[in-house]
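The block underneath contains the structure these notes are about, expressed in structure tokens.
FYI, it's all coordinate maths here, none of it is from the lab. Remember, it's a predicted structure, so these values are computed and weren't measured experimentally. Virtual Cβ from ideal backbone geometry, glycine too; neighbours counted across all protein chains shown.
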Amino acid sequence: MDNNKDVLNGELFNGQHSAFYISDVDSQTTLDKSTSNNAKDKTIDSKNLLLGSDKTKITTSVVDVNLLTRDKISYTLLDKDIINKGEQVLSMEKRGSADVVVTKLIVSLDIDEIGKISKNLTFTYFDKSVFDAVCSLLSVGNQAISLSMIARTMLGKKPSYHPNQILLSEISNSINKLEKIKVYIDMSDEMIHFSQLNKDDVSQCILESRFFEFKKLRTIMKSKKVDVLIFSDEPILLKYAKMRSQISSIANYLLDTPTQKTKNSLTVQSYLLQKINILKLNKNLPQCIMYDAIYDLFDEFKNNELPLKTKESMRSRIRKAITDILNFWVQEKFIENYEIERKDKAYYKINIKI
């Protein structure tokens, strides 16, 4: 197969500067919320897709640097259960100022609708990894994004890599869950205090949309039905983080750690990455990561009916993933070193040397 060709579900986006064409037949090919129930009937043959009369050229690019949003809203969503919990008032610090700056946040979703997709109604560290990958792909000019593009960006893999179907299914579930989450941000106070504008210039600044805004294009490639996501706008949390200049970056190859490419290992990697990013930004924080905080990411440890032997086996696999990831990051000089600390013979915390 030509390295600059790849099929849409993971194979048509291999080339660093590859391109394909989408016919402007939106009513026939895209699947918005009003037609999603009839998705199986909304298909278009790849020949028509590529050879339509009014063609829109969409180029695709590979990500070399991944973006990480590091704003307080992103971290609040990760660390607190605030979905469908009403209005949240977040205090925003302004260094060197005693002013009280608040941002109002409402995050909601339809439980009946989301329950068909995911049992986990929180914004998880796996979801954050998916979100950051989408933001990274959009940042280099991609408008149409396949699940395999997202997987490769999450994993730090080259275009020739073909993700397994289990991981693609987990990414699809995450994408579909996030698309149904509605976010409302009233950042009027922030705009007044953190920008050059004054109260006369800004009376109100509100961001409101779903977590992701996209349409699905379903097509047939090599006798397979595949979906491509066409994003109409950048995600709301990326937009917010840009307005606050709170975005970090990491070389994509640093995500290609020597671990199993599963949802659990990616959850651990995402957690370590987000926490180390915070430690790099704030050297005054305790430079450590607690093992129990990582175990708490997994519902299995909250299941009283699960045998202790099974739980300990899972803890052992998590600890191995942690060690493999951190060893790789030391080797690649992302961190200087780390030390595992035990307490009463139990694994207690990881001291990180940035």
Completion exercise
Checked against a 27 Å limit on the C-alpha separation, the offending pairs among LYS180/LYS239; LYS85/LYS309; LYS128/LYS343 are LYS85/LYS309; LYS128/LYS343
Fill in the blank from the handout: Once phi for every residue in region 176-193 is put through the Karplus expression 6.51 cos²θ - 1.76 cosθ + 1.60 (θ = phi - 60°), the whole-Hz ³J(HN,Hα) values, with Gly and Pro written as x, are 5, 5, 5, 5, 9, 8, 9, 10, 10, 10, 9, 10, 4, 4, 4, 4, 6, 8
Completion exercise
Here, trypsin sites (Lys or Arg not before Pro) of region 280-317 satisfying both criteria (DSSP loop; at most 15 other Cβ within 10 Å) are LYS283
Handout entry: Relative packing of peptides 336-348, 98-110 - highest average C-beta neighbours within 10 Å first
Key = 98-110, 336-348
Completion exercise
Magnitude of the Cβ-charge dipole (Lys and Arg +1, Asp and Glu -1) of region 257-354 about the Cα centre, nearest 20 debye, reported as 120
Practice task
For region 126-179 and region 202-271, write down the distance between their C-alpha centroids in whole Å.
Solution key: 7
